[in-house]
Amino acid sequence: MDSQTNIHISVHPPPLHNGVYAPLTSHVLEEVLEERDSGKPPSVQSQPSFRKTPHKEKRFKGIPASPGIVIGQAVTFVVEPITIKQTLIEPERIPAEIGRFHHAVEECTAELHRTITMANDEAPVAAPILEAQLFMLNDPSVGAMVTEYIQRQYSADHAVQDVFDSQQAIMRHASDAYLRERAADLEHVKQRLLNFLANRNLATPEIAEGSIVISESLTPSEVMFFRKSGMAAFATESSGITSHAAILARSMAMPSVVGLANVCKRIHTGTQLIIDGFAGIIITHPQAETLERYERRQQDLENKLRKLGKYAFLPSETLDGRKVHLFANADSPEEIEMARASGAEGIGLIRTELQLLERQIMPSEDEQTAFYKDLAERAYPLPITLRAFDIGSDKSFGLIGHEPNPALGLRGLRFLLKNRALFTAQIRAILRASCHRNVRVMLPMITTVQEFQKALSLIEGCKATLRGNGEDFDENIPIGAMIETPAAALIARELSAMADFFSIGTNDLTQYTLAADRMNAGVTTIFDTFHPAILRLLSMTIEAAQHRNIPVAVCGEFASHAAATELLIGMGVSELSVAHTSLLDIKKRIRKVNFSNTKILSAEALTLGTSSEVRKYLISGSR
Ligand code: PEP
Ligand code: MG
């Protein structure tokens, strides 16, 4: 490589034989690609001949794989594909060729062991991944297949390629996304072996501190080595958010975006860029105001993390070890971002009907799928709870004609069951967005067992259609019942036999139990969730859930009420879902109490006859 080229890149030693950096301008890269296409060896030596033109800001949309924002310079890492030259051998070479294969396996094994040792110190989550690769590398049945191939006079390189490719093809057709991802592991193992057989150097090159690596895909070892030499973030063309590179990135809190088609050809080493691991985008040549906006966001995130301090990532559990899962309610993609930064363990409520607020027409199934998938990917690997449209009452969106008393009319599940095409499209969209297995679905405004049964059979029908179309979705998607009417709480035993989880909507539960409109300022003193009637309904619901051993969450505003935390923990709630802004306070409170004491406190509170007695008792701890 010439010194001129070095100016364009942030790579210290010269590039390697196998991992060739593209320290290039677009013009040079195009030349290289043309050369490659014409079968000539690639070159990175050519001198760029181009007129300097101001670069335009460009955005590339991918899939968010690990949250965070980094502003830095690109290092484009292109791995040369290996072409196998000699495929057939003379019979007398067979033993030597088998020996060459075994030697390559030994060398690769030794190299993997070295990487595992490093992983144990730097990124423990990577060690089992690498061990799985070690297992694949030394799998005796694969070894026997390769040997058999060589005995049929194929070169070791050819044999490795064919055997690994056929194993991968089987995995690629698996219906399970996780298994499909494992095909990528086999590819990494194959590449390693082929590199050794071709005497290629496998060391990962040094890069400048703060670089953003752009690559077709990255192996777990490449992620680790690049990080060691200064990688701050990465973006890949391959798309798995369950890929090991993505899993590693999340565990190391390294922002990353995957699924960016053709970026290696379009982004060159040295390009200034912003990687937004929350939204899954990268921006090249950012304009001054984009840079400022992102610098502000980086600052905000840092401030937030500093303010949250140690609490953000401390476990949400009581002093005596009772786990209370702390989730966040989110009404926008940005709130998922904030929830994650605040250490939420998942998203407990997405009010999907809010996407209808600014629209004149109902989004199509495909549009909904894209929207839900984006939300699910932003939350991944954390679980996200998509509530089916809660249309009706004060949110009719022109879909319901005049009703004399809309809060008691066609709302939530009642409306959905009367508008089956709309309901079916939404459920199908939610199912299609569940392909990464982190989506839960929740049904609002239930009053009867039959309603819930009808919804379950509609969901089963949607699954059958998707199955028939060969679409990937979560067969075991958890289906939850919202307990937000007195009827639902009173039949919680029956509902718990059919639901995978409960989520208590205390806003509506209070409105319907106390017959006090939650929007009517004239009855705010009556609208009081500390009313003994609500406490008793809560207790019945929690007991029913415990009886069936299903999780029970509270996602209404009561979950973030300062005086309610101990009460709800003591009653046995397993999950609280609150606004991300309240998460830290609630966690502090959870970590300060003893579960055994909260049980006594809630049992006592349940014996009281008025809201004011309950409040007084909870605040002062005495009757
Ligand atoms: C509730 O009723 O408590 C709830 C969480 O749902 P929403 O506020 O959307 O009615
Ligand atoms: Mg509600």
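Quick note: the coordinates plus some simple rules give every number you see, no bench work behind them. Worth saying up front: this structure is predicted, and the values here are computed from it rather than measured. No Cβ is skipped: glycine too gets one built from the backbone with ideal geometry, and neighbour counts run over all protein chains shown.
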- request: Answer with one residue from MET338, ALA198, GLN168: the one whose Cα lies farthest towards the positive end of the charge dipole of the chain, charges on Cβ with Lys, Arg +1 and Asp, Glu -1.
  value: MET338
message: For region 184-227, I need the span (max minus min coordinate) of the C-alpha atoms along each principal axis, in Å, sorted largest to smallest.
response: 33, 22, 15
- line: Taking max minus min of the Cα coordinates of region 514-554 on each principal axis, largest first, gives extents in Å of 40, 17, 13
field: Mean shadow area of region 92-197, taken as a quarter of the surface of its Cα convex hull (nm²)
entry: 6.6
query: How far, in nm, would the chain grow between GLU131 and LYS61 when pulled straight, counting 0.36 nm per residue and subtracting the alpha carbon separation?
result: 21.9 nm
query: Considering the alpha-carbon set of region 67-126 alone, what are its Rg and its Dmax in angstrom?
result: 19.2, 58
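Starting from 0.36 nm per residue, how many nanometres of slack lie between GLU106 and ASP121 once their C-alpha separation is accounted for?
Working: separation 15, 0.36 × 15 = 5.40 nm, distance 2.35 nm.
This chain segment gains 3.1 nm when fully extended.
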Amide N of region 497-521 lying under 14 Å from the label point, which is placed 7 angstrom from the Cα of ARG536 along Cα→Cβ: 513-514
query: Using 7 Å Cα-to-Cβ label points, what is the GLU317/ARG420 separation (nm, one decimal)?
result: 4.8
task: State the percent of C-alpha pairs, over all pairs in region 315-356, separated by a distance greater than 13 angstrom.
output: 56
field: Kirkwood Rh (inverse of mean 1/r, distinct Cα pairs), region 452-505, angstrom
entry: 12.4
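For region 355-455, state the average projected area of the convex hull of the C-alpha atoms over all orientations, rounded to one decimal in nm².
Mean projected area for region 355-455: 6.7 nm², to one decimal.
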query: In debye to the nearest 20, how big a dipole does the chain give about its Cα centre with +1 on each Lys and Arg Cβ and -1 on each Asp and Glu Cβ?
result: 1480
task: With N set to the residue count of region 308-398, report its C-alpha Rg divided by 2.2 N^0.38 Å to two decimal places.
output: 1.29
message: If Rh is defined by the Kirkwood formula over all Cα pairs and Rg also comes from Cα, what ratio Rg/Rh do you get for the chain?
response: 1.04
- request: Send over the semi-axes of region 321-621's equivalent ellipsoid, whole angstrom and largest first, taken as the square roots of 5 times the C-alpha gyration tensor eigenvalues.
  value: 31, 22, 18
- line: Here region 270-287 yields Karplus 3J(HN,Hα) values (6.51, -1.76, 1.60; θ = phi - 60°; whole Hz; Gly and Pro given as x) of x, 5, 7, 8, 10, 10, 10, x, 7, 8, x, 10, 10, 10, 9, 6, x, 6
query: Among LYS265/LYS373; LYS323/LYS599; LYS310/LYS588; LYS85/LYS265; LYS304/LYS587; LYS58/LYS265, which pairs are too far apart, with a Cα-Cα distance over 21 Å?
result: LYS265/LYS373; LYS85/LYS265
message: In Å and on Cα atoms, what radius of gyration and Dmax does region 561-623 show?
response: 11.7, 33
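Using only the Cα atoms, what convex hull volume per residue in Å³ does region 405-541 have?
Hull volume over Cα atoms, normalised by residue count, gives 110 Å³.
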Proximal lysines relative to LYS454, as straight alpha-carbon distance under 21 Å, when same-chain residues fewer than 8 apart are discounted: LYS418, LYS463
field: region 252-345 pair-distance distribution - Cα-Cα, 10 Å bins, rounded %
entry: 13, 36, 30, 15, 5, 1
- line: Everything considered on the Cα gyration tensor (a ≥ b ≥ c; rounded for a/c under 1.5, else prolate if a/b is larger than b/c, else oblate), region 184-281 must be described as prolate
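Based on Cβ point charges of +1 for Lys and Arg and -1 for Asp and Glu, what charge dipole magnitude is obtained for region 92-197 about its Cα centre, in debye rounded to the nearest 20?
200
What does DSSP give for region 321-621 in terms of the percent of beta bridges that are antiparallel, rounded to the nearest 5? Before the final figure, lay out each step's value.
On the way: 1 of 28 bridges.
Counting DSSP beta bridges with both partners in region 321-621, the antiparallel share is about 5 percent.
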statement: With only helices counted (DSSP H, runs n ≥ 4, each -39500 (n - 2.57)), the per-residue ellipticity at 222 nm for the chain, to the nearest 500, works out to -14500 deg cm²/dmol
